[in-house]
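Structure record follows, encoded as C-alpha cells.
The values are calculated or read from the model by the stated rules, or taken from the named source; none is laboratory data. All values reported here derive from a predicted model rather than from experimental measurement. Neighbour counts are summed over all protein chains in view; Cβ atoms, including those assigned to glycine, are modelled from backbone coordinates with ideal geometry. Just so you know, the surface numbers come from the protein's heavy atoms only, side chains and all, with ligands and any DNA or RNA stripped out. Shrake-Rupley method; radii C 1.70, N 1.55, O 1.52, S 1.80 Å.
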Amino acid sequence: MRVTLYNDAGCPWGYSANPAFRVLEWRYGPQLEWRLVMIGLTNAAQEYVDRGYTPVRSAEGYARRFRRFGMPLAPNPRARVVGTGRSCRAIVAVRLQAPGREWAAFRALQFGFFTTTLLLDEDESIAAALRGVEGVDVEAAIAAIDTPAVEEAYQRDRAEARSAAGSPTQLQDKHATSDGPVRYTAPSLVFERAGLRLEAGGWQTIEAYDVIVANLIPDGERREVPNDPLELLTAFPAGLTTQEVAQLLTRGNDAPDRVEAEVAMLRLVSGGAATRTPLGDDALWKRA
C-alpha cells in the first residue's frame, strides 16, 4: 500500500500528528510504502505577516492550542516571523540527493521549528537544524536549494498538494484555499492499493488511519503493542518523544498514558538500556 503524506515542517498540526504516524509505522511496517509531499505553506515570511501573524502570536498558539497533543515544544517568540518554503526546498534537495533520508531531514526541521528559535527560512539556520542527521550532506543540500532540479521538484510537490478540489478532504472541510487553489492541509494522508484510494485529510486520529489501513489490507499483518517498551526504541533507532512512546503503548481505544510512558522510559535509562536527551519541554528517548 502506498501512503502519501502531504505535510510542511512548519505546520504545528502536521508536527502534532507524529505519534499517530509512529503507530502506523509500528503496526504495519514495510506493508506501507511512505511518500512525502511538501505543501510549501508560504514562500516568504511576508505572507504570514500579511495574514496577521507575529512571533508572539505563533508562540502563544503553540502553548494554547498544541501543547495538549504532547509533542515537544519551546514556545519562545522568534526574532521575526519565518516562511516555510525554503525549508521545504531543503527537504526536497535531500530527497533528490539521498532518497529516503528526506524523512529524517523533515523530522529534524520539525524539531527546529517547534523547539528552537532558529529562523528556518535562512540557509544558516536550516543547516544548523540538519547537522547531525545521518546520511545527509548538509552543505550539498543547502547549495542545491536554488538549483533548477530542486525548484522543479518542489513546484511539482506544491502543485500536487493543491489538487484537492472535489476530494473527500474537501467534503470534510479539511482543505484550505489560503493561496488560491484547493489544497490538502497538513497533515493529510492518502492511502492507495489495488486501484483503491482513500483519504484522511487534515488532522485525524490514529483510529481513523487504522480503520482505513485495515480495510485496504484485510489480509495483512498488524503488530500489537509490545510487552517490553525497549522494543520500541529498537524499532525506532533515531529516537522517540514521550508522547510517541505513550501512543505506541496504548491498547485499543484507550487514551495514551503519558506519565506511565515516561516512567517506563526512565526505568530503561536507570537500567542503562536507554538514553534521555532534553528536547524543548520534553525529551528524545533512544536505545543506549
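Here are a few things to note about the model shown:
- The stretch 214-273 - percent relative contact order, Cα under 8 Å, separation 6 or more: 28 percent
- GNM result for the chain, Cα springs below 10 Å: residue of Asp179, Asp210, Asp121 fluctuating most strongly: Asp179
- Across the stretch 226-288, the fraction of Cα-Cα pairs farther apart than 19 Å, rounded to a whole number, is 20%.
- Relative contact order (%) - the chain, alpha-carbon pairs under 8 angstrom, separation at least six: 22 percent
- Calculated on alpha-carbon atoms, Rg and Dmax of the stretch 130-288 in Å: 19.8, 54
- Considering helices alone, the calculated mean residue ellipticity of the chain at 222 nm is -12500 deg cm²/dmol, with DSSP H runs of length four and up weighted by -39500 (n - 2.57) and normalised per residue.
- Protein heavy-atom surface of the chain, 1.4 angstrom probe: 51% of the accessible area is carbon and sulfur, with nucleic acids and ligands not counted.
- Max mean-square fluctuation residue, GNM over the chain, Cα-Cα springs under 10 Å, options Leu240, Leu268, Leu189: Leu268
- Cα gyration tensor of the stretch 177-232 - equivalent ellipsoid semi-axes, whole Å, descending: 28, 17, 8
- Using only side-chain charges placed at the Cβ, +1 for Lys and Arg and -1 for Asp and Glu, the dipole size of the chain relative to its Cα centre rounds to 360 debye.
- Approximate shape of the stretch 89-174 as ellipsoid semi-axes (Cα gyration tensor, √5λ), whole Å, largest first: 26, 16, 12
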